[in-house]
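Let me begin by presenting the structure, written as structure tokens, before commenting on it.
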Amino acid sequence: MAQRKMLLEYADNPEARSLEGWKRLGGYAQVESILKTRTPDSIMEEVKSSGLRGRGGAGFPCGLKWSFLDRKSDKPRYLVCNGDESEPGTFKDRHIMERLPHQLIEGMIVSSFAIGSKHSYIYVRGEYMYILRILEKAIDEAYAAGYLGKNIFGSGWDFDLSVHPGAGAYICGEETALLEGLEGRRGNPRIKPPFPAVSGLYGCPTIVNNVETIAAVPYIIAMGGDAYAGIGVKPSTGTKLISASGHIRKPGVYEIELGKVSCEEFLHSEDYCGGPSNGRPFKAVIAGGSSVPVLPLDLFVKTAAGVPRMMSYESLAEGGFVSGTSLGSGGLFVMDDSTCMVRNLWNLARFYRHESCGQCSPCREGTAWMEKLLERLEAGEGKLTDIDLLVEISKKIEGNTICPLGDAAAWPVASHIRHFRHEFEHHVRFPEKIRDPKHNVAAPIPRPS
Amino acid sequence: MPKVTIDGHEIEVDAGTSILNAARKIGGALVPPTMCYYSKLKGSGGKCRTCLVKVVAQSAANPRPMPKLQASCSTPVADGMVVQNLTSPEVLDARKGIVEFLLLNHPLDCPICDQAGECDLQDLAYVHGLSASRNDFPRRTFETIDIGERIELNRNRCILCYRCVYTANQVAGARVHGVLGRGDHAEIGTYIRSSLDSEMSGNVIDVCPVGALTDKTARFESRVWFLKPMDVHCTCDKCSGKAVAWMRGEQVVRVTARRDAYGEVEGWICDSCRFERKDKAAWTFEAPRRVERNSVIGQNHYTGLRQLLAVTEKHIAARAAVSAADEAAGGATGYGADPAALISG
Amino acid sequence: MPDTPAFSPAALGELGRIVSHYPEGKQKSALIPVLHLAQAELGGWLSVPVMDYVASLLSITPIEVYEVASFYTMFNKEPVGRFKIETCRTGPCALNGAEDIIGHLEATLGIRDGGTTPDGMFTLQSTECLGACGQGPVIMVGETYHELMTAAKVDALLEELRRQAATMPSAASTATAAATTAATAGVK
């Protein structure tokens, strides 16, 4: 099935980048009518019935998250948009913010209206500074048009929107670390409870949602929650942006109807990845950003039971973490047989070590220890016992940390070793064969039959 | 008031109480160990993960277990919650991992560390640790920085509990030190050369669970177990003046705040009392200080994990017997006259 | 670099705009954007006087600034060259040859990753995921992403940056002066 373009309908249309152009494409008309005819509660209900799941990676139902908002509190409420996209393999939010800034602003207006936030923020990772400029320009245009500020669209409702930059910290993608960054502090995730819906930004009830999630909200209200739930295959409703990269011919951001595209089709169809870029066979796929378990090609396209896998939350999770994975953020990257899985894992472990905030002991110490062991294995200086030790360390981190970064660091280690142990053992047994970092290009490590 | 069961003990506590504080109310072996939580410091806790427990039933209304282990210091109880600490092999296994992480880059220089004998990490490692380290990489080291005349900072021993940071914010007034860098390079530091010299700065020594912050005025003077701790007081206009003088014969070797069974100070003391009153005549002596903690300083009253488990099992058996008797008597006797006595006996 | 750093009137105006985004009394929220501003305005890196200046602007203590500046990797705690060339080395970029790009940069500029050229022109820094995985290998210079990099494109980029520096020599004179100091320390 070809792409189903909803969020990305105008992504390639330069008109979408200015307010005037966006209006010519029909922008903002819908928002005005929503503000004038709908109640916050009815918007909440639509989002709930849409089955929209958080698009940042955890896939938590958005309507349910909104329902946790502390409505008894007399403090101000906040909506914060998480544009701290930093999960390796993921570049979809950048696509929306860069090409469709007004679509995101519309989402912020409607979602903030539903939640009751009078001042909302978009937290953009510091490296995306040029995108922050695009958003600021779009926001200025919206203020000038009366779509932001006092009495917007003449609805009697005041609403401010600001952009806040990060400065180089993957951890700020975790919602409470993001709030710390927004309050001018180190990005140390907070201890939960309390959750942001009760005590978030400045101790006030706060909802943090991903860019893609918020951008979807106006579409849901426009077509109705039930209609949106009719897209995709329940409970994976709607469309999802997939960032595709790696050894593929056509890297880029694709919008799919969840559950309607098979993994096989996604890899090989001209509508999507278009097959291998170097003419070499695919070996492994990381389906949802670097944190989710890697799968060998055969388990990515079919479950352990031989059922063809589809691009949906449920199908990719089939088999648990033993033979399945997770859709995560939709950051899909593909490796062909020139890839050394030990080097790949070392690369990712180095990332998590670099990005650990250092607050809790399992993550601070464990990520560094795993990285050192992997560096040693990749250099051909490791021991066979290092392989089991790595698995053991990953188990001691998993589930025991303050925030999910610990799990995110542990899962790649466990899954690379589970599915590609022979490559790790090869590095210990034949150190002379792997000295060249590109050893796999000339002679891929044989997989035991 | 919510009722919670921890390792077989039931207790009623105020709503909002953490599992840890409910356990401390019961007392004894079932209290989870802590390295970063400090009841007197707002915001502390959650970081070291030493106090992880298993919640096998979330509440009477929702009797499902929590999928992950929970930090008992920051998880509030709910009515009907059932918690396992020592009785959960999963908890003991995870804790063993935590101890290994905490010790991974620790210099293990106890023989030359002033904290030895009253060190929370030492105690924790004895009870919950592995007998050897599996880390064969060189340990991380930090350069030595000088934070003043009276407080010695050894960052190689630091476990980043953040207690000293909270103390500087909440007790000592102006904070000039904090946590710098991130990940496994995060460090306690001042960034620029500056010293901790507010009137209450010495309290960071007492809150430090390891030997990262020690008293320079008593440095290398004596192993703590050779000193006699005495409850003393003085008239002080800056603090309560209630302290412990650690005596070698007639000599006051060092002064600390009074600390409870969980190593927490009972009242903060000022730097004059701590660092300057080293003359016996400057203090009124009350009585010898009872050291209640099970540690090296408790003169070999060391309780290893095996003994702790034996006590817990004994208790659970006793409890089963009591409830059987209770049932036979038609529920008249009730249970739990003094669970703390039972568990410490 | 003068002993007491100070923002230009334009930067002070920008400061006011940034602070206005946050509720009254929550001006500490402006710390990260103001540190970005200070780094761009005051020499390309965050010296202690610059950080102390930012602390005074936001009425917070210096240690609160040091803690934050040392946490986020985009803040330079030491002087850097006029152009900081940051190459993504993570995951998909690595699969598509980021290591070769970094190696090419090192060989061309004669410095190691993390170092600065003796003329204070370039600092090389490999970074973690820049969020441009589909267009990797990617290089970030200032606020600009250069995508789908090859050795030839790297050479062209370096040439372009040198040309920029020649046409706008005074724009970052303080940065260059600071970088000269860095060059002595940074070259290996």
Residue that is surrounded by the fewest Cβ atoms within 10 Å (Cβ to Cβ), among those in the stretch A:163-178 that are more than 9 Å from chain C (Cβ to nearest Cβ) and touching a strand residue (DSSP E or B) at 6+ places or on another chain (Cβ under 7 Å)
A:E175
Top-ranked residue in the stretch A:64-104 [being more than 23 Å from A:N13 (Cβ to Cβ) and acidic (D, E); ranked as nearest to the other protein chains (Cβ to nearest Cβ)]
A:E87
Would you confirm whether any residue within the stretch A:14-23 is over 18 Å from A:H95 (Cα atoms), modelled with pLDDT of 95 or more and surrounded by 20 or more Cβ atoms within 10 Å (Cβ to Cβ)?
no
Say we look at the stretch C:7-36 and pick out the residues that are β-branched (V, I, T) and over 10 Å from A:H164 (Cα atoms); which of these is nearest to the other protein chains (Cβ to nearest Cβ)?
C:V34
Taking the stretch A:320-334, which residues are under 14 Å from A:V285 (Cβ atoms) and either touching a residue at least 40 places away in the same chain (Cβ under 8 Å) or part of a loop (DSSP other than H, G, I, E, B) (or both)?
A:G324, A:T325, A:S326, A:L327, A:G328, A:G330, A:G331, A:L332, A:F333, A:V334
In the set B:H177, B:H128, which member is modelled with pLDDT under 95 and touching a strand residue (DSSP E or B) at 6+ places or on another chain (Cβ under 8 Å)?
B:H177
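Would you mind finding the one in B:I188, B:I159 that is surrounded by 21 or more Cβ atoms within 10 Å (Cβ to Cβ), of a type in the set (V, I, T) and assigned to a loop (DSSP other than H, G, I, E, B)? I'd like the intermediate steps shown before the answer.
Values: B:I188 fails: assigned to a loop (DSSP other than H, G, I, E, B).
Exactly one of B:I188, B:I159 is surrounded by 21 or more Cβ atoms within 10 Å (Cβ to Cβ), of a type in the set (V, I, T) and assigned to a loop (DSSP other than H, G, I, E, B), namely B:I159.
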Which residues, counting only those in the stretch A:77-104, are acidic (D, E) and under 14 Å from the mean Cα position of the chain (by Cα)?
A:D84, A:E85, A:E87, A:D93
Selection from the stretch C:70-102 of residues within 20 Å of C:M149 (Cβ to Cβ) and among the hydroxyl-bearing types (S, T, Y) yields C:T87, C:T90
Where residues in the stretch A:322-346 are within 17 Å of A:D386 (Cβ to Cβ) and within 21 Å of the chain's Cα centre (by Cα), which of them is farthest from the other protein chains (Cβ to nearest Cβ)?
A:L345
Residue selected from the stretch A:300-316 under the condition surrounded by fewer than 18 Cβ atoms within 10 Å (Cβ to Cβ) and under 16 Å from A:L258 (Cα atoms), by the criterion farthest from the other protein chains (Cβ to nearest Cβ)
A:P308
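Quick one: which of C:G114, C:G120 is more than 14 Å from chain A (Cβ to nearest Cβ), in a loop (DSSP other than H, G, I, E, B) and at positive phi? Before the answer, list the steps.
Working: C:G114 fails: more than 14 Å from chain A (Cβ to nearest Cβ).
One residue alone meets the criteria, C:G120.
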One residue is enough: does the stretch C:123-134 have a residue meeting the conditions within 14 Å of the chain's Cα centre (by Cα), closer than 28 Å to A:R133 by Cα and in contact (Cβ under 8 Å) with a residue 60 or more places away in the chain?
yes
Condition first: part of a loop (DSSP other than H, G, I, E, B) and touching a residue at least 60 places away in the same chain (Cβ under 8 Å). Now tell me which residues in the stretch B:166-185 satisfy that.
B:V171
Might you let me know whether the stretch C:156-175 holds any residue that is at pLDDT below 95 and either under 21 Å from A:T339 (Cβ atoms) or β-branched (V, I, T) (or both)?
yes
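Name the residue, out of A:G187, A:G181, that is touching a His at 6+ places or on another chain (Cβ under 8 Å) and either in a helix (DSSP H, G or I) or within 13 Å of chain B (Cβ to nearest Cβ) (or both). Explain how you work it out, then say what you get.
Numbers: A:G187 fails: touching a His at 6+ places or on another chain (Cβ under 8 Å).
Just a single option satisfies the conditions, and that option is A:G181.
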Scan of the stretch A:30-59 for residues that are touching a Gly at 6+ places or on another chain (Cβ under 9 Å) and in a loop (DSSP other than H, G, I, E, B), ordered by number:
A:G51, A:L52, A:R55, A:G56, A:G57, A:A58, A:G59
In the stretch A:105-122, how many residues are surrounded by 24 or more Cβ atoms within 10 Å (Cβ to Cβ) and either under 17 Å from the mean Cα position of the chain (by Cα) or facing chain C (nearest Cβ under 10 Å) (or both)?
2
Before we move on, is A:G27 assigned to a loop (DSSP other than H, G, I, E, B) and under 30 Å from C:C133 (Cα atoms)?
yes
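Kindly evaluate B:T50 against the criterion of being surrounded by fewer than 21 Cβ atoms within 10 Å (Cβ to Cβ), among the polar types (S, T, N, Q) and either touching a Pro at 6+ places or on another chain (Cβ under 7 Å) or not assigned by TED's automatic domain parsing to the domain that holds B:V77 (or both).
Values: surrounded by fewer than 21 Cβ atoms within 10 Å (Cβ to Cβ): no; among the polar types (S, T, N, Q): yes; either touching a Pro at 6+ places or on another chain (Cβ under 7 Å) or not assigned by TED's automatic domain parsing to the domain that holds B:V77 (or both): yes.
No: the conditions fail for B:T50.
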Considering residues that are within 14 Å of another protein chain (Cβ to nearest Cβ), surrounded by fewer than 22 Cβ atoms within 10 Å (Cβ to Cβ) and of a type outside the set (A, V, I, L, M, F, W, C), the number found within the stretch A:127-157 is 7
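Could you say which residue among C:L105, C:L95 is among the aliphatic types (A, V, I, L, M) and within 11 Å of another protein chain (Cβ to nearest Cβ)? Lay out the reasoning, then the answer.
Working: C:L105 fails: within 11 Å of another protein chain (Cβ to nearest Cβ).
Result of the check over C:L105, C:L95: C:L95.
Show me the helices (runs of 4 or more DSSP H) found entirely inside the stretch A:77-158 where at least 2 residues are more than 27 Å from C:Y145 (Cα to Cα). It would help to see each step written out before you state the result.
Details: elements: A:92-99, A:101-115, A:129-144.
Passing ranges, in order: A:101-115, A:129-144.
Being in a loop (DSSP other than H, G, I, E, B), over 14 Å from the mean Cα position of the chain (by Cα) and not assigned by TED's automatic domain parsing to the domain that holds B:Y166 narrows it down to one residue among B:L92, B:L86; which is it?
Step by step, each of B:L92, B:L86 is checked, and only B:L86 is in a loop (DSSP other than H, G, I, E, B), over 14 Å from the mean Cα position of the chain (by Cα) and not assigned by TED's automatic domain parsing to the domain that holds B:Y166.
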Please go through the stretch B:92-126 and pick out each residue that is buried (at least 19 other Cβ atoms within 10 Å of the Cβ) and of a type in the set (V, I, T).
B:I98, B:V99
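The values are calculated or read from the model by the stated rules, or taken from the named source; none is laboratory data. In this text, all values refer to a predicted model and were calculated from it rather than measured experimentally. Methodologically, a virtual Cβ is constructed for each residue, glycine included, from the backbone with ideal geometry; neighbour enumeration extends over all protein chains shown.
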